[in-house]
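J.: This is the structure, below, for whatever I ask next.
Please treat every number below as a calculation from the coordinates, not as lab data. Computed from a predicted model, the values in this text were never measured in an experiment. Positions of Cβ are generated from backbone atoms using ideal geometry, with glycine treated the same way; all protein chains shown enter the neighbour counts.
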Amino acid sequence: MNKVQDIRRVRTEQEKADAFAVRQQVFVVEQNVPPSLEIDEHDRAGASAIHFVAYRDDKPVGASRLRFYDPQTGKVERVAVMESERGTGLGRELMLAMEQTAREEGLTQLKLNAQCHAQRFYEKLGYQPVGDVFEEAGIDHISMVKKLQD
Ligand code: COA
C-alpha cells in the first residue's frame, strides 16, 4: 500500500487554499454539491474549525475538517480524497490524523454525517451508525459516532 507521507493540520493560507481546492474538485465538480453549500461559515478566517490537507509529491490530494460541536464532541466533515488516490489508505490516514488531533484537543467522541456509500469506510474505523438515513445536498447520509480511546 502507498503510504502518504505528508498529512498536515492547516496552518498557512496556502495550505488552506490547497485543502479547499481538493474539496472543490471532489464535492463540487465530482459530486455536484452547490459551491454555496460546500463552503460555509466554519471555513471563514477566524472560525475555530481545524482543517487538514494531505500532499503527495507536493500536490494536494486529500482534505478534511474537524469542527468543535460541543465540549466533548468533535464533528468530522468534508473528508475528501482525490479520485486518483482512492484505495491507497489516504482516507484512513486522514481520519486517524483527525482523531489524534481531537484527543489532543480534549474531545472524547467524534460524530459525522456519512454519505451512505462511504458508511463501510467509517465502520472500518470504528464509527457506528445512529438514526435514519436523511438527505443533504441531494445525497443520502447517515449519522455515525465513535468514542475516542485515550
Ligand atoms: N465502501 C466500502 N469500503 C470502503 C469505501 C467505500 N466507499 N472506501 C474505502 N473503503 C474501505 C477500503 O477498502 C479500506 O478497507 P481495508 O482497510 O479493508 O483495506 C478502508 O475503507 C480504508 O480505505 P482508504 O483507502 O483509506 O479510503 P480512500 O482513501 O479511498 O477514502 C473516501 C475514502 C470515502 C474518503 C473517498 O472515497 C472519497 O473521498 N470519496 C469522495 C468524497 C466522499 O464521499 N467523502 C465522504 C463524505 S461523508
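J.: Can you pull out every residue in segment 80-102 that is near the ligand (Cβ under 9 Å from one of its atoms), without any contact (Cβ under 8 Å) to a residue 60 or more places away in the chain and among the charged types (D, E, K, R)? It would help to see each step written out before you state the result.
T.: Here is the first cut: in segment 80-102, the residues near the ligand (Cβ under 9 Å from one of its atoms) are 80-83, 85-95.
If we keep only those that are without any contact (Cβ under 8 Å) to a residue 60 or more places away in the chain as well, we get 80-81, 83, 86-87, 91-92, 95.
83, 86, 92, listed by residue number.
J.: Restricting to segment 21-38, give me the number of residues that are within 20 Å of residue 8 (Cβ to Cβ) and free of Cβ contacts under 8 Å to residues at least 24 places away in the same chain.
T.: Number satisfying all stated conditions: 1.
J.: Kindly indicate whether any position in segment 8-23 is within 11 Å of the chain's Cα centre (by Cα), within 15 Å of the ligand (Cβ to nearest atom), under 17 Å from residue 139 (Cβ atoms) and among the aliphatic types (A, V, I, L, M).
T.: The answer is no; no qualifying residue exists.
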